[in-house]
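Working notes, beginning with the structure itself.
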Amino acid sequence: MENKDRLAVWIDLYTKRLVRIAYTYVRDWTAAEDMVQNAFIKAYRSMDTLLKPDPFPWLVQIVINECKQAKRKHWREVITNLFQERQDDSAEKSYFNRSDLSELHEAVLALPSRYSAPIVLYYFEELPIADIASALNTNVGTIKTRLKRGREQLRLRMKEDRYGGQSQAFQNV
């Protein structure tokens, strides 16, 4: 199969999943789609270096690197938003606010990315811990620890909110 054909198959199979992963880092659907598009371009250029038969963990690693690079760039820029109160929620955010899993979704996104990324990859994308460690360039033990700590933080956030706490992730519910 030619590289163009392989890329087309990867785009069909993995785009939605990769956009969700990118969203956990950049918190903006449009930016997440841009990160995935850039990742596919980089993957196409270095497709011959892929050693494993399953490209998804490799693509996840590229997407995460793109997101981290964009965050570093964004951090250096000074952005002022004068009309913040006039902004409307995006269609995606409105959907998640209405869905049954909105509490959990918001709680996961409220976690620092060091915890939210492994949780999304493990529970929502069902990747094995070894693939997550490879994609995030960390040790398997580190991923296990981050999953445990992330679950603990989620449990505390949900418990606080249900019993009168002031967790920001759940104030609109």
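The values are calculated or read from the model by the stated rules, or taken from the named source; none is laboratory data. Everything numeric here is computed off the predicted structure, so don't read it as measured data. Please note: Cβ atoms are built from the backbone with ideal geometry, for glycine as well, and neighbour counts cover all protein chains shown. Side chains are part of the model used for accessible areas, which takes the heavy atoms of the whole protein and leaves out ligands, DNA and RNA. Shrake-Rupley method; radii C 1.70, N 1.55, O 1.52, S 1.80 Å.
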In straight Cα distance, which lysines are under 27 Å from K71, not counting same-chain residues fewer than 8 positions off? K16, K42, K93, K144, K148
Ranked order, M47, M1, M35, M158 - accessible area, probe 1.4 Å, largest first: M1, M158, M35, M47
Could you calculate the FRET efficiency of K42 with L109 from 1/(1 + (r/R0)^6), where r is the beta carbon distance between them and R0 is 22 Å, rounded to 0.05? 0.30
